[in-house]
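All remarks here apply to the structure that follows.
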Amino acid sequence: MDKTKIVMMGIKGGVGKSTIAVSLGKALARKHKVLLVDRDIIGYASDLAGIPGDGVLSSIFNGEDYWRNIKEINFGIGKITVVRLFSKENTEELLKRVHKDDKFKELFREAYSKILRSDEYNYFIVDNPPAIDYSSDVVKHEAEIFSDIFPSAKVYRTYVSTPSRYDIENTVNYMKKIEIEAPVRSAYSFFIVNKVRANVEELSYVRSKLEDITRRLGVIYGVIEKNENELESFSGGIIDVPILPPIEQLSNKIVENDYSGGLILPSYSSLEDVEGRLILVYGKADTKKTDIVKALVKGNPLIVYTNEKILDKFEKYRKIGITEDYRTKRFELRDIKDVLKLARSLSKEILKVRKDESTAVFYRVNDISPASNCCEIGSQRYEFWNAIIGSLIGSFQKVILICDETNEGECETLKPLVDTSIKTDPNGYMINPVE
């Protein structure tokens, strides 16, 4: 099996680079042998692995056993081995001495080479400190040792950023610089935006940036990882670090040599900042969409419904029922003018009941749309919802579509009318924002 080296990069600390390195290492280690080289002076990955040593470099300098800075953890049929290269203190001074003293430099090369060859590792993950620069002798030395031992290894550089516009732009500029300066060309690059909140606007912005990055800069996979609050104050060990779902998907792509490219997105059980929205819910009656609406919407939304069976599920919310007269009319329409008239009358009813800036939910769109064949069905429904949204849009901040299937049927017809469409997973609980 070919050797693969995954180099973790970031322009600044605190972006979750080391956590992602460990999560990726664990995902790969379930069926393979993984060596995680902790080059970050902070040593977060080493701390998680419970390595108390001062690092390989310090041990060599002090004539101590450097193997005490290595720990092996079994996962499934594979394992992950973590090596702490540097201590948290005096590392800068020691590194300068390494490159001034040829003997010391050779001792480090010999030790690092033995570690790399100590088992039949399939994957090597190098967790770097923030803003490393390939003009540095230290960085070049480590890269040269690895490439001398495994000259045919594939190298994937993985850039990690937060969703901040400033951080993404700085990380993109950093990536451009690294890809020019690096002594070993990367086979492919990945760009991970970490700590993305369950916020419609933030998700839309990050997605559009990743689409641009993958299209223009040759990044093979753009990954969105959501904000995992429990990891902010995490105090467990490496065994307890979760394998994050998007990172697991990325690991599968790496193992399968799948270079088709694209975006890897997370699922959210709820979204923030959807107050004052107009939400259109479309889909089958048995997919638990009431749970999704409750997860999405805070406060006291207005539910526009057609089926009285849902009343007990929305008992605490304000409701406006579509009348029997309306349900009859939607099957009898014969002219597009009547379709638009019906849409405008429904809009007026909603605004009368709403009277504030709360969210309104149409539950469900497919039971409210015109159902006759007065004209081409897609055009008819488009005109109907275009009229409703046009009448209401001044009263709502954004329009969101929640859909079982966003690639066909009525959902596809409605997508041009909304700001954000949300695709639900088959179980009806998880939410994947999509364009």
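Observations on the structure shown:
- Region 149-162 - residue that is in contact (Cβ under 8 Å) with a residue 24 or more places away in the chain and surrounded by fewer than 20 Cβ atoms within 10 Å (Cβ to Cβ) and, of those, farthest from residue 41 (Cα to Cα): 152
- Extreme residue, modelled with the lowest pLDDT, among residues of region 196-240 that are under 19 Å from residue 179 (Cα atoms) and assigned to a loop (DSSP other than H, G, I, E, B): 218
- In region 331-349, the residues that are touching a Cys at 6+ places or on another chain (Cβ under 6 Å) and closer than 20 Å to residue 278 by Cα: none
- Of all residues in region 320-365, those satisfying the criterion of being at pLDDT 80 or above, part of a helix (DSSP H, G or I) and in contact with a Phe, Trp or Tyr (Cβ under 6 Å, 6 or more places away or on another chain) are 343, 365.
- Where helices (runs of 4 or more DSSP H) fall wholly inside region 50-125, the ranges with 1 or more residues that are free of Cβ contacts under 8 Å to residues at least 60 places away in the same chain and aromatic (Phe, Trp, Tyr) are 56-61, 102-116.
- Taken together, the criteria exclude residue 138 from residues that are more than 17 Å from residue 263 (Cβ to Cβ), touching a strand residue (DSSP E or B) at 6+ places or on another chain (Cβ under 7 Å) and either hydrophobic (A, V, I, L, M, F, W, C) or modelled with pLDDT of 85 or more (or both).
- Qualifying residue in region 86-94 (condition: surrounded by fewer than 18 Cβ atoms within 10 Å (Cβ to Cβ), in contact with a Gly (Cβ under 9 Å, 6 or more places away or on another chain) and of a type in the set (D, E, K, R)): yes
- Options 198, 187, 131: the member that is within 17 Å of the chain's Cα centre (by Cα) and not acidic (Asp, Glu): 198
- Selection of region 95-120 for residues being crowded, with 21+ Cβ neighbours inside 10 Å and among the hydroxyl-bearing types (Ser, Thr, Tyr) yields only 112.
- Of 31, 12, 26, all but one fail to be among the charged types (D, E, K, R), assigned to a helix (DSSP H, G or I) and in the same structural domain as residue 140 (by TED's automatic domain parsing); the exception is 26.
The values are calculated or read from the model by the stated rules, or taken from the named source; none is laboratory data. Since the model is a prediction, treat every value here as computed from it, not as a measurement. We place every Cβ from the backbone using ideal geometry, glycine too, and count neighbours over all the protein chains shown.
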